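Enquirer: The structure under discussion is supplied below as structure tokens; questions concerning it will follow.
The values are calculated or read from the model by the stated rules, or taken from the named source; none is laboratory data. Only a predicted model underlies this, so the values are computations on that prediction, with no experimental measurement involved. Here the Cβ positions follow ideal geometry from the backbone for every residue, glycine too, while neighbour counts run over all protein chains shown.
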Amino acid sequence: KSKALAEPVNFNKSDIKDAIVRHLHCSLGTDENKANNHAWWKAACAAVQEQVLERLRRTQKSHYLNDTRAVHYFSAEFLMGRLMSNNLHNLGLFEITDQALQELGVSLTDIMEEEPDMALGNGGLGRLAACFIDSLATMELPAVGYGIHYEHGLFRQEIKNGAQIERPDSWRDYGNPWEICRPESIQEVSLYGYVETKYGENGRIQKEWHPGSIVKGIPWDIPVVGFGGKTVNVLRLWESQASNYFNWDVFNAGGYVDAQSENVQAETISKVLYPNDETEAGKELRLIQQYFFCACSLKDIIRRYKRAHGDDWSRFSDQVVIQLNDTHPAIAIPELMRILVDRAELGWDDAWEICSKTFAYTNHTLLPEALEKWPARMIEKILPRHLEIIYEINFRFMAEVEKMWPGDNKIKQKLSIIEEGNQKMVRMGNLSVIGSFAVNGVAEIHSKLVKKNLFPEFDQMWPDKLTNVTNGITPRRWLKACNPDLSALIDKKIGNDWPVKLEKLNDLVKFADEAKFQKDFMKIKLKNKVALAKEVKSLTGIEIDPKAIFDVQIKRLHEYKRQHLNLLHIMALYRRLLENPSYDMEPRVFIFGAKAAPGYKLAKDIIYAINMVAERINNDERVNKKLKVVFLPNYRVSLAEKMIPAADVSEQISTAGKEASGTGNMKLSLNGALTIGTMDGANIEIAEEVGEENIFIFGLTVEEVDKLHAQGYNPYDYYYNNAELKAILDWLETDYFTPGKPGALSSLKYSLLDGGDPYLVLADFDAYSKAQHKVDLAYRDTKNWARMAILNCARMGKFTSDRSIRDYVERIWKLDACKVDE
Ligand code: 26Q
């Protein structure tokens, strides 16, 4: 047995039983006879948490004694999902806890369903942060995740008459057994007010920020258990609260009521996660959220640094590296400058030296609408001193640009942190590149495009700053925990250390042609499909045949991700079946999971269209033996864990150049689904790993997309030249799918024709349709399909988030592991 897989010492089945029953009695005030599943779940969590906290204490002691350099992962989102199964697996306690509970007459699987998802994120970026902190702990690296303790995570999605309805997510209503409040580490954060300029004795200009209000940040710690259970790091999330002596000025001036109303405001800061990913909202509260958690986190880091190093700032950037998860925490850069210059009274150059050795920035998008910009006036109002500092950073940076490109005002305009115009805007991407020592994209192609299209001049100025770290996923959650049968089969074939050495999966390649292994592999897939079919039935009432191809598209709803391309093809199949009842196709179930940002009209229209088309097809006796469409409501991490092990086909069909990486593509492939996808994001690297013959690649490449746009793309060319496509688009305008309501789906057609089809859905339709036909034919060759599925799983080694973290450590963070003393 490898060391990482060592069993926890001194904790056996009867200890677990005792601990659970003890918590049932002493923490929950109930007993074995009265307890319902929820109480059992809480008691079991509490029993596990005892073990977790012991290891947390040891980890913190080791890190303190070794005065370790640590990475601080700043992210407005951590999409953690459920923690129980993960913690049990990582502690090596899953099996014996399962048995202990069985002996108590309780099913672990059932009680785990009681746990609400911790959905403090939108999608890919938030889930990536969660996978990364899992890997950091597993690799025994000193790390802290910093974020926001939202009272309400991403909304719960209901589907009413086909349309999305948003309901508040209340993940903490019955308490969160994993979190610990740390009142001893409360921080205070200033907002609003004005800046006073003073002249010190030495003639030095001193700036003093007189804040208009102060809010408290309450830290909640979520332990992050590494696989093997040795290192337990923390995710520290800040909750806002009104400070007691908040806004005294207003209060003293007789503004008692105003002072009270600002109290309410303080509490709204961490109230709710913004649900619009990939679009910039420009809302004041969002900027306050960002500053709030960055300011709290920096104070926390500095307090810890000072405990070891006092007022000597010279080692700060040796001990502290801060990774900015996109630009959402970019305001941390001027905040650290403010602390160093105004508070620690360092000179600007010394402060900048420290600052620009501390931060590194990950870019997750090229979409112009997703690049954060804030009105300078808004920053001035909320953070007046920070705006001054941003101007100063920019002023000095412009001098460097002048040195490099003398007299070139075009380039200055382009690189400036400040966008001039109607109203001045602060470009957070530029600020992040200028203030960081490293900038990375999240897949090879994405990083190339970041260099070539987004920041080419920055790349010229600092040729080593821009780099790539391809995303990854934790195989502990996304294979071992979510697909236990496949995991057991893999253990049997190649041993059990693949969860920490995922490249070992490659040893499965030699069994890819073995009939017995193929049978076992596909039997597990079928079992997972049966389980999902049951879930589908209970969630939607729809019956699906586990023998059909399960074709899955699960991701946020976006035009660039092209769920509507999938839908148009489904309509094409439907039409072919109606025109020719003996149309030869393998039975297929198309399954969707997707949330639309509440204000994204077309995204919501696409969800509605999927549901209306689904209803018509599923109830059409002429076709529903061969074709079904399911939209599973409220897609989230825990639902993904049920869908991914059951998928045969993985839809990764974004317009080339638009999906920075994708990570669902990796999870599906790891679980033996075959990808139908474009040459975009990490699909390209997946194709490279699995081999062109084990993936269905189609459609325009980035170069072809650029060329088509340059030529002048006209979607009508495709509409008039493809009779099937024309018929489908026209179909959308009838009331065939929305009886009595003709035109209810026409916004979709409009966006693809008069709307200009910005994501080239029509241009890729024919290639997609042909690739889907290849999928259909391939599935009929059961043996070869099994072989391809096995090879997909076997060749996913590269995409473990442990490899991503290794890349970050070597290229950016320069961290050492720290063994935790037993
Ligand atoms: C910004 C401003 C105001 C409000 C919200 C936002 C906001 C929030 C979330 C903007 C973007 C996001 C999330 C982006 C995201 O999830 N990007 C995805 O990141 C993944 C991890 O790198 C990639 O795999 C995906 O390709 C990328 O789309």
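Enquirer: Name the residues in the range 560-582 that are buried (at least 23 other Cβ atoms within 10 Å of the Cβ) and part of a loop (DSSP other than H, G, I, E, B), would you?
Expert: 561, 562, listed by residue number.
Enquirer: Only one residue in 198, 216 is in a strand (DSSP E or B) and in contact with a Ser or Thr (Cβ under 6 Å, 6 or more places away or on another chain), so which one is that?
Expert: 216
Enquirer: Oh, and also: Identify, from the list 701, 734, 655, the residue that is within 16 Å of the ligand (Cβ to nearest atom) and not charged (D, E, K, R).
Expert: The conditions single out 655.
Enquirer: Could you look through the range 684-707, keep only residues that are among the hydrophobic types (A, V, I, L, M, F, W, C) and assigned to a helix (DSSP H, G or I), and pick out the one that is nearest to residue 786 (Cα to Cα)?
Expert: Checked the range 684-707; the qualifying residue nearest to residue 786 (Cα to Cα) is 690.
Enquirer: Assuming residue 460 fulfils every condition listed in (1) buried (at least 16 other Cβ atoms within 10 Å of the Cβ); (2) outside the structural domain of residue 655 (by TED's automatic domain parsing); (3) not in a loop (DSSP other than H, G, I, E, B) apart from one, which condition is it?
Expert: Checking residue 460 against (1) buried (at least 16 other Cβ atoms within 10 Å of the Cβ); (2) outside the structural domain of residue 655 (by TED's automatic domain parsing); (3) not in a loop (DSSP other than H, G, I, E, B), the one that fails is (1).
Enquirer: So which helices (runs of 4 or more DSSP H) stay within the range 594-683 end to end and still have 2 or more residues that are among the charged types (D, E, K, R) and closer than 18 Å to residue 127 by Cβ?
Expert: Helices (runs of 4 or more DSSP H) meeting the threshold: 637-643.
Enquirer: For residue 683, work out the one condition from (1) farther than 20 Å from residue 572 by Cβ; (2) more than 16 Å from the ligand (Cβ to nearest atom); (3) buried (at least 22 other Cβ atoms within 10 Å of the Cβ) it doesn't fulfil.
Expert: Condition (2) is where residue 683 drops out.
Enquirer: Then there is this: Quick one: in the range 323-352, which of the residues that are under 14 Å from residue 438 (Cα atoms) and of a type outside the set (S, T, N, Q) is nearest to the ligand (Cβ to nearest atom)?
Expert: 326
Enquirer: Taking the criterion of being within 10 Å of the ligand (Cβ to nearest atom), in the same structural domain as residue 566 (by TED's automatic domain parsing) and either at pLDDT 95 or above or closer than 22 Å to residue 803 by Cα (or both), would at least one residue in the range 668-679 satisfy it?
Expert: No: zero hits.
Enquirer: Looking at 662, 672, 599, can you tell me which residue is in contact (Cβ under 8 Å) with a residue 24 or more places away in the chain, surrounded by fewer than 23 Cβ atoms within 10 Å (Cβ to Cβ) and of a type outside the set (A, V, I, L, M, F, W, C)?
Expert: Sole residue among the options that is in contact (Cβ under 8 Å) with a residue 24 or more places away in the chain, surrounded by fewer than 23 Cβ atoms within 10 Å (Cβ to Cβ) and of a type outside the set (A, V, I, L, M, F, W, C): 599.
Enquirer: Within the range 295-335, track down each residue that is in a helix (DSSP H, G or I) and among the polar types (S, T, N, Q).
Expert: 297, 314, 317, 319, listed by residue number.
Enquirer: Let me ask something else. So which of 28, 53 ends up being surrounded by fewer than 19 Cβ atoms within 10 Å (Cβ to Cβ), of a type in the set (A, V, I, L, M, F, W, C) and over 33 Å from the mean Cα position of the chain (by Cα)?
Expert: Going through 28, 53 in turn, just one is surrounded by fewer than 19 Cβ atoms within 10 Å (Cβ to Cβ), of a type in the set (A, V, I, L, M, F, W, C) and over 33 Å from the mean Cα position of the chain (by Cα): 28.
Enquirer: Considering only residues that are more than 9 Å from the ligand (Cβ to nearest atom), in contact with a strand residue (DSSP E or B) (Cβ under 6 Å, 6 or more places away or on another chain) and outside any strand (DSSP E or B), which ones fall in the range 113-128?
Expert: Result: 117, single match.
Enquirer: Of a type outside the set (A, V, I, L, M, F, W, C) and either outside the structural domain of residue 218 (by TED's automatic domain parsing) or more than 16 Å from the ligand (Cβ to nearest atom) (or both): which single residue out of 105, 145 fits that description?
Expert: 105
Enquirer: With the condition kept exactly as written, say whether any residue in the range 539-551 is in a helix (DSSP H, G or I), in the same structural domain as residue 778 (by TED's automatic domain parsing) and surrounded by fewer than 23 Cβ atoms within 10 Å (Cβ to Cβ).
Expert: Checking the range 539-551: at least one residue is in a helix (DSSP H, G or I), in the same structural domain as residue 778 (by TED's automatic domain parsing) and surrounded by fewer than 23 Cβ atoms within 10 Å (Cβ to Cβ).
Enquirer: So, residue 504, is that one exposed (fewer than 13 other Cβ atoms within 10 Å of the Cβ) and assigned by TED's automatic domain parsing to the domain that holds residue 787 or not?
Expert: no
Enquirer: For the condition in contact (Cβ under 8 Å) with a residue 24 or more places away in the chain and in contact with a helix residue (DSSP H, G or I) (Cβ under 6 Å, 6 or more places away or on another chain), what is the one hit in 373, 412, 424, 381?
Expert: 424
Enquirer: Quick check, is residue 92 surrounded by 14 or more Cβ atoms within 10 Å (Cβ to Cβ), at positive phi and not assigned by TED's automatic domain parsing to the domain that holds residue 151?
Expert: Spelling it out, residue 92 is indeed surrounded by 14 or more Cβ atoms within 10 Å (Cβ to Cβ), at positive phi and not assigned by TED's automatic domain parsing to the domain that holds residue 151.
Enquirer: How many residues are surrounded by fewer than 22 Cβ atoms within 10 Å (Cβ to Cβ) and more than 18 Å from residue 462 (Cβ to Cβ) if we restrict to the range 390-437?
Expert: Count: 16.
Enquirer: From 761, 690, which residue is touching a helix residue (DSSP H, G or I) at 6+ places or on another chain (Cβ under 6 Å), of a type in the set (A, V, I, L, M, F, W, C), crowded, with 18+ Cβ neighbours inside 10 Å and under 30 Å from residue 475 (Cβ atoms)?
Expert: 690
Enquirer: On to the next question. Residues in the range 24-64 that are among the small types (Gly, Ala, Ser) and either part of a helix (DSSP H, G or I) or closer than 22 Å to residue 227 by Cα (or both): how many?
Expert: 6
Enquirer: Another one. Tell me whether the range 719-734 contains one or more residues that are at negative phi, in contact with a helix residue (DSSP H, G or I) (Cβ under 8 Å, 6 or more places away or on another chain), part of a loop (DSSP other than H, G, I, E, B) and buried (at least 19 other Cβ atoms within 10 Å of the Cβ).
Expert: Yes, there is a match, as at least one residue in the range 719-734 is at negative phi, in contact with a helix residue (DSSP H, G or I) (Cβ under 8 Å, 6 or more places away or on another chain), part of a loop (DSSP other than H, G, I, E, B) and buried (at least 19 other Cβ atoms within 10 Å of the Cβ).
Enquirer: Quick one: how many residues across the range 279-288 are among the β-branched types (Val, Ile, Thr) and either away from the ligand (no atom under 14 Å from the Cβ) or more than 20 Å from the chain's Cα centre (by Cα) (or both)?
Expert: 1
Enquirer: Next question. Within the range 463-490, track down each residue that is part of a loop (DSSP other than H, G, I, E, B) and buried (at least 17 other Cβ atoms within 10 Å of the Cβ).
Expert: Those that are part of a loop (DSSP other than H, G, I, E, B) and buried (at least 17 other Cβ atoms within 10 Å of the Cβ): 465, 469, 470, 471, 472, 474, 482, 483.
Yes or no, residue by residue, for (1) within 31 Å of the chain's Cα centre (by Cα); (2) of a type in the set (Asp, Glu):
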residue	(1), (2)
357	yes, no
402	no, yes
416	yes, no
419	yes, yes
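Rundown of residues vs (1) within 16 Å of the ligand (Cβ to nearest atom); (2) out of contact with any helix residue (DSSP H, G or I) (no Cβ under 8 Å at 6 or more places or on another chain); (3) at pLDDT 95 or above, yes/no style:
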| position | (1), (2), (3) |
| --- | --- |
| 205 | no, yes, no |
| 214 | no, yes, no |
| 223 | no, no, yes |
| 227 | no, no, yes |
| 232 | no, no, yes |
| 250 | no, no, no |
| 262 | no, no, no |
| 269 | yes, no, yes |
| 290 | yes, yes, yes |
